[in-house]
Amino acid sequence: MASIFHFEGALPDNLGVYQEHLTSCPQTPNCVVSNESADEIHYIEPFSYNSDVATAKDTLLKVLSVVPNMVVVEETDNYIRTESRSKLMGFVDDGEYYFPSDKSVIEVRSAARLGESDLGVNRRRLEQIRLAIADYNSRG
């Protein structure tokens with residue numbers, strides 16, 4: 001079902017990997033990021049994995065493909081960007097997943113394009129993806 005309203009917002013110009021990190025969150029509480037420099041409101045643990053990076057990326061892509069209202073809009077060797085759209089109002093959240101070459105983790109960031117608060121949606125979505133990856137790997 002398409003959203004009734006369209007509060008998409010403009011694509012932020014600060015997405016991507018800069019100096020081996022995802023962009024920090026703004027002061028608003030509608031963003032979470034796994035950067036070690038993030039404060040307690042915005043910090044979320046990165047996703048860890050115990051495989052090679054190609055397997056970890058493949059697993060993440062499989063999980064992302066079944067997340068409701070989410071599409072992968074950009075993919076490189078070490079980076080994935082998604083857009084998630086709310087059902088009713090059409091708000092867009094940008095998700096980012098970065099695979100640093102020196103660690104077996106996936107750095108993550110998820111942020112609402114508009115508004116002040118997301119009522120914890122971005123954090124919950126990433127934690128659900130984390131659980132789905134663990135579930136997928138346990139069946140492996």
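List the strands (runs of 3 or more DSSP E) inside the stretch 59-140, counting only whole elements, that have at least 3 residues being surrounded by fewer than 16 Cβ atoms within 10 Å (Cβ to Cβ).
Per the criteria, 70-75.
Considered as a group, the residues in the stretch 17-46 that are part of a loop (DSSP other than H, G, I, E, B) and among the hydroxyl-bearing types (Ser, Thr, Tyr) include one that is modelled with the lowest pLDDT, and that residue is Ser37. Select from the stretch 27-47 the residues that are buried (at least 17 other Cβ atoms within 10 Å of the Cβ) and aromatic (Phe, Trp, Tyr) and list them in ascending order. Within the stretch 27-47, Phe47 is the sole residue that qualifies. When the test is whether a residue is in contact (Cβ under 8 Å) with a residue 12 or more places away in the chain and touching a Pro at 6+ places or on another chain (Cβ under 9 Å), Val121 does not pass it.
The values are calculated or read from the model by the stated rules, or taken from the named source; none is laboratory data. This structure is a prediction, so every number in the text was calculated from the model and none was measured. Counting neighbours? That spans all protein chains shown, and the Cβs are built from the backbone with ideal geometry, glycine included.
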